[in-house]
1. What list of ³J(HN,Hα) couplings, whole Hz, do you get for the range 138-149 from phi and the Karplus terms 6.51, -1.76, 1.60, once you set θ to phi - 60° and write x for glycine and proline?
2. Compute, for the chain, the length of the dipole vector about the Cα centre, with Cβ point charges of +1 (Lys, Arg) and -1 (Asp, Glu) only. Units Debye, rounded to 20.
3. Tell me, what HN-Hα J-couplings in whole Hz come from the Karplus equation 6.51 cos²θ - 1.76 cosθ + 1.60 at θ = phi - 60° for each residue of the range 46-56, using x for Gly and Pro?
4. If contacts are Cα pairs under 8 angstrom and at least 6 residues apart, what is the relative contact order of the chain in percent?
5. Would you mind working out the accessible area per residue for the range 123-164, using a 1.4 Å probe, and quoting it in Å²?
6. If DNA, RNA and ligands are ignored and the probe is 1.4 Å, what is the ranking of H73, H130 by accessible area, most exposed first?
7. May I ask which residue of I123, Y163, A40 lies farthest towards the positive end of the charge dipole of the chain, with charges of +1 (Lys, Arg) and -1 (Asp, Glu) on Cβ and the Cα centre as origin?
8. Could you work out the longest stretch of the chain that avoids the trypsin sites (Lys or Arg not before Pro) located in DSSP loops with at most 12 other Cβ atoms within 10 Å?
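The values are calculated or read from the model by the stated rules, or taken from the named source; none is laboratory data. In this text the structure is predicted, and so the values were computed from the model without any measurement. Heads up, the Cβs are rebuilt from the backbone with ideal geometry, glycines too, and the neighbour counts pull from every protein chain shown. To get the accessible areas, we keep the full protein, side chains included, count just its heavy atoms, and leave off ligands, DNA and RNA. Shrake-Rupley method; radii C 1.70, N 1.55, O 1.52, S 1.80 Å.
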Amino acid sequence: MRFIQKLRQGDREAFRELVQTYRNHVYRIAYSVLHDEQEAEDAAQETFLQIYNSLSEYREQGFKTWLTRIALHKAIDLKRKRERRREQQGDVIELASRMPVQSEHILQGLLAEEQRDELRQKIKQLPDGHQTIITAFYLDGKSYGQIAAELDITEKTVESKLYRARRWMREHWKEEEW
């Protein structure tokens, strides 16, 4: 096959030609196993990578059969991985459904504590003036009145400081960070 000879000689354009020639065939094989467009595309890409990496093993017989076999195996491998992921997700859901209510509360408490710890670390990155007000309001759960009394300022000042601290966070942090 001329693609193989050119590829073995290091011709990158030959690989592009090979992909152009067989991409629909490989995709159809993968899709027939996976029934999912994205996964079929992934399997097709993996097929062509495998072909490129396995050129030394090709014995100049039945190229299309060899290519088809690789595509079929890649699709089957992806399908198995997908099924294993579903089984593992099912196991987690089943385990969670069997957890006693008390265990769920403990787990929720641990997750909440972990989130608070992460938030405390982020708050340490705030300018000093913003750290106190954000900690008091969000972590300690204090009202404007309680914060105002502790800091000996007016409630309107507390509101203003919170506004400026939130604006600073929006400008300096990505949304998913807070």
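1. 8, 8, 8, x, 7, 7, 4, x, 5, 5, 4, 5
2. Values: 31 positive and 31 negative charges, 191 e Å.
Approximately 920 debye in magnitude.
3. So the J values, rounded to whole Hz, are 5, 4, 5, 5, 5, 4, 4, 6, 9, 4, 5.
4. Relative CO of the chain lands at 14 percent.
5. 62
6. H73, H130
7. Projecting each Cα onto the dipole axis, the largest value belongs to A40.
8. 60-123
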